[in-house]
Structure formats: structure tokens, C-alpha cells
Amino acid sequence: MITYLLTGVVAISSPYVRVSNVGEQERIWSGVVISETEDDYHILTCAHGIDDLHKRNIHLQVDFVDAGQYNYVSVPATLIKKDIDRDLALIKCPKLKMVTIKPVPLGKDPPKNSRSTVCGFIGRKKMAIRPYTVRSIGEYQGTNGEDLLLLNGKAVSGFSGGAVISNGKIVGIQSSGTNVNVTCASLQQIKDFLLNE
């Protein structure tokens with residue numbers, strides 16, 4: 001089912017999306033468009049939003065949100081693959097005429113103490129952008145031994161799956177955190193995940 005909340009003719013162009021499971025257990029988290037085909041957008045997000053849901057209860061939806069006026073269009077989405085160890089998932093959804101998005105490319109590992117932002121959604125609200133400082137890459141390792149990206153600052157519920165952006169490019173995907181640090185999938189984890197079948 002496709003839902004629209006649009007006032008007039010609005011072209012939505014933000015690559016930062018809201019992802020939700022609209023089945024029996026509604027959950028809302030964040031994601032980012034990283035590539036496209038002729039028919040679909042591919043969205044990188046976290047895996048823990050759907051990790052413990054039974055297959056019959058997974059009903060993914062992507063909301064393309066206009067950051068300015070809070071118009072949005074909701075599109076059914078399909079899981080392509082997920083990796084619980086890296087807390088990454090790749091989903092796809094069909095393109096629509098009113099959604100014109102330029103995918104966000106992958107960047108380079110950000111240096112320690114550099115500034116970055118995480119783009120995400122808190123529930124059904126408008127997109128928010130939170131500034132962070134890079135604490136380290138590799139101070140902590142994931143369950144597969146790969147380095148994690150660690151940011152200084154408070155984790156925000158709903159920002160899980162949100163893109164960590166440095167110089168306009170993706171350098172991580174938010175996974176979890178505390179009141180002090182945000183733990184993210186690193187660029188190396190993202191590349192490994194995308195390359196593995």
C-alpha cells in the first residue's frame with residue numbers, strides 16, 4: 001500500500017529516509033539511499049530494526065520526507081540482505097515520479113576529533129541532524145572482529161540506521177549508543193557488507 005501526504009506538487013529529494021515495520025510490531029528507524037537502478041532505490045540501514053521479527057511479521061516501508069514542509073511519501077520496501085553482526089541491512093523500494101533522489105556516496109574514514117553529523121528521524125517527526133565528534137575507529141571491534149566507528153555524544157532513539165556524514169559522504173551507519181558515545185558500523189564494515197553476497 002502506498003500512502004501520500006503531499007500538499008500540492010512536491011518533489012522530494014532528500015536521500016535520508018525513515019524506515020518502519022508496519023506489521024504487528026511497528027518500529028521506526030532511519031536509513032539513507034546509497035544507490036539506484038532504473039526501477040528501484042537501494043537503502044542502507046541497521047539490521048536490528050527487523051532482527052527479532054518473524055518473517056511473516058516483516059512489512060517494511062520507506063518514507064521519503066521533504067525536510068522543509070514535512071511532506072512525505074511512503075513506499076513498500078523489500079529486504080535485500082542483512083548482517084546482524086555488522087548491524088547492517090540493505091533494502092529496496094520502487095521509484096516514484098515525485099521522488100527524485102541523488103544517492104549519497106561512501107567517503108573516507110574520518111580522522112579522530114573531526115566533525116560529523118548523523119541524519120535521522122525520531123518517530124514520525126521531521127528529519128533531524130545531530131553534530132558529533134569522531135572519537136575513534138577501532139577502539140572497539142564488532143563480533144566479527146572489524147573495527148567500529150565511535151562518536152562522542154548522546155545516542156538518539158530512532159537515529160539507528162542513520163547515516164554518519166562527513167564532507168557530504170557516508171562514513172558510517174549508527175547502530176547503538178549511550179548518553180556518552182554513539183557506536184556505528186564503520187566504513188570498512190559497510191564496504192564488506194555491500195561486497196558480500
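Tabulated values for the structure
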| quantity | calculated |
| --- | --- |
| Percent accessible area from carbon and sulfur atoms, the chain, protein chains only, probe 1.4 Å | 51 percent |
| Backbone N within region 155-197 under 17 Å of label point (7 Å from Glu139 Cα along the Cβ vector) | 155-156, 172-187 |
| Over the chain: Kirkwood hydrodynamic radius from C-alpha pairwise inverse distances, Å | 16.6 Å |
| Of Lys102/Lys191; Lys82/Lys108; Lys81/Lys112, those spanning more than 26 Å from alpha-carbon to alpha-carbon | Lys81/Lys112 |
| Stokes-Einstein D (µm²/s) once Rh is taken as the Kirkwood radius of region 123-197 over alpha-carbon pairs, at 4 °C in 1.567 mPa s | 102 µm²/s |
| For region 55-197, accessible area per residue (1.4 Å probe, heavy atoms of protein chains only), Å² | 48 Å² |
| Val22 versus Glu146: modelled label distance in nm, points set 7 Å from Cα along the beta carbon direction | 3.1 nm |
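The values are calculated or read from the model by the stated rules, or taken from the named source; none is laboratory data. This is a predicted model, so every value here is computed, not measured. All Cβ positions, even for glycine, are placed from backbone atoms using ideal geometry, and neighbour counts span all protein chains on display. Note: accessible area is taken over every heavy atom of the protein model, side chains too, but ligands, DNA and RNA are not part of it. Shrake-Rupley method; radii C 1.70, N 1.55, O 1.52, S 1.80 Å.
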